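Student: This structure is in structure tokens; I'll ask about it shortly.
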Amino acid sequence: MMKRFSLRMAAAGLTGLVMASLAPAQAAEQLNPPRYTWSFAGIFGTFDRAQLQRGFQVYKEVCAACHSVNLLSFRNLAQRGGPEFSAAQAAAIAADWMHKVREIGDDGQPAERTPRVADRIPGPFPNVKAAEAANGGKAPPDLTLMPKARSYERGFPWFLTDIVTLYQEHGADYVKAFLTGYEDGHETPPGTHYNKYYPGNFVGMPNVLQDGQVSYSDGSPATRQQYAADVTAFLMWAAEPHMEARKRIGFQVILFLLVLGGLAYFTKKKVWKNIEGHA
């Protein structure tokens with residue numbers, strides 16, 4: 001007697017498409033992503049400018065067809081701490097963007113125009129309903145905060161080492177692992193694909209990264225692993241564009257407090273050294 005499978009609709013992580021989960025006996029155990037090496041990890045971590053520029057290229061040529069980064073403006077691409085394109089490059093990227101800015105024209109009617117550098121980066125769909133209609137009833141999620149919105153549990157004792165080492169890149173680990181976690185040879189419900197790192201393993205988003213898909217001008221490997229790492233780094237910057245400044249200021253504050261604490265201690269010793277019981 002054939003088992004009945006129950007399909008449920010859910011927002012599919014990076015996909016926003018249909019996700020169907022099988023009965024527990026059929027679903028494989030979700031794997032934890034490996035811990036990757038990131039230039040921005042740790043208290044002294046910084047973004048790799050070349051990697052951020054490559055990641056933006058991957059987003060533009062692959063991800064932008066379905067996903068938006070609504071919280072980013074073109075001018076952010078030229079700001080310090082990010083990809084640091086030149087102002088002229090950022091303006092050229094805006095003028096050549098594949099999606100138009102949608103707004104209300106002077107006549108009060110919906111209109112489209114070429115983006116300017118001050119505009120938010122427009123997404124592929126005019127509204128949520130249009131996105132849902134084009135993607136099986138679920139709109140692909142905005143990616144601006146995705147590495148901060150996704151994570152996984154490392155369990156004991158590893159979460160203790162993460163606290164000590166200040167490792168906070170679990171979301172980045174998950175995003176890269178997700179993008180490279182597709183496997184063939186698994187039986188999946190219609191319209192879904194197998195991903196060993198996705199909760200439930202069955203996800204509506206297909207494997208969109210293939211070797212040789214994006215051509216890099218700096219000689220970096222044109223591989224799926226490289227694409228996944230680069231676009232994940234770009235999305236991490238999009239989620240936390242002031243990370244470098246935050247870490248720098250935090251380190252300066254710690255140094256200040258250490259110096260202040262030392263001065264307070266020696267001042268106390270100096271003031272009270274001749275008072276009985278406080279020497």
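Student: Run lengths n ≥ 4 of DSSP H only: what is the helix-derived mean residue ellipticity at 222 nm for the chain, with -39500 (n - 2.57) per run over all residues, to the nearest 500?
Tutor: Helix-only estimate at 222 nm: -11000 deg cm²/dmol.
Student: Can I ask one more? By how many degrees, between 0 and 90 and to the nearest 10, does the Cα long axis of helix 224-239 differ from the longest principal axis of the chain?
Tutor: Once rounded, the angle reads 60 degrees.
Student: Also, quick follow-up: Regarding region 96-162, what whole-number volume in Å³ per residue does the convex hull of its Cα atoms give?
Tutor: 154
Student: Would you mind computing, in nm to one decimal, how far apart the modelled labels at residue 101 and residue 249 are, each placed 7 Å from Cα along Cα→Cβ?
Tutor: Placing both labels 7 Å beyond Cα along the Cβ direction yields 2.9 nm.
Student: Which residue, 232, 161, 192, has the most motion in a Gaussian network model of the chain that connects Cα atoms within less than 10 Å?
Tutor: Top of the fluctuation ranking is 161.
Student: Running a GNM on the chain with Cα contacts under 10 Å, which residue among 83, 34, 110 ends up with the highest mean-square fluctuation?
Tutor: 110
Student: For a footprinting-style exposure proxy, rank 119, 173 by other Cβ within 10 Å, fewest first.
Tutor: Neighbour counts put them in this order, fewest first: 119, 173.
Student: Round to the nearest 10 and give me the degree value, 0 to 90, for the angle of helix 170-179's Cα axis relative to the longest principal axis of the chain.
Tutor: 20
Student: Would you order 230, 211, 107, 48 from fewest to most other beta-carbon atoms within 10 Å of each residue's own beta-carbon?
Tutor: With the sparsest Cβ surroundings first, the list reads 107, 211, 48, 230.
Student: About the Cα centre of the chain, what is the dipole size in debye to 20, counting +1 per Lys and Arg Cβ and -1 per Asp and Glu Cβ, all else neutral?
Tutor: Result for the chain is approximately 940 debye, rounded to the nearest 20.
Student: When the dipole is taken about the Cα centre of region 125-274, and only Lys, Arg (+1) and Asp, Glu (-1) are charged at their Cβ, what size is it in debye, to the nearest 20?
Tutor: Dipole about the Cα centre, nearest 20: 1300 debye.
Student: Suppose a student asked you for the relative contact order of the chain, using Cα pairs under 8 Å spaced at least 6 residues apart; what percent would you report?
Tutor: 26
Student: For the chain, build the charge dipole from Cβ charges (+1 Lys, Arg; -1 Asp, Glu) around the Cα centre, then report which of 64, 181, 199 sits farthest towards its positive end.
Tutor: In the chain, that residue is 199.
Student: If you don't mind, there's one more thing I want to ask. Looking at the chain only, what percent of DSSP beta bridges run antiparallel? Nearest 5 please.
Tutor: Rounded to the nearest five, the antiparallel share is 100 percent.
Student: How much length would be gained if the chain were fully extended between residue 264 and residue 215, taking 0.36 nm per residue of separation minus their Cα-Cα distance, in nm to one decimal?
Tutor: Full extension from residue 264 to residue 215 adds 11.8 nm.
Student: Right, here's the next one. Per the Kirkwood formula on distinct C-alpha pairs, the Rh of the chain is how many angstrom?
Tutor: It is 21.7 Å.
FYI, it's all coordinate maths here, none of it is from the lab. Since this is a predicted model, take the numbers as computed values, not measurements. Glycine also receives a Cβ, built like all others from the backbone with ideal geometry; neighbour counts cover every protein chain displayed.
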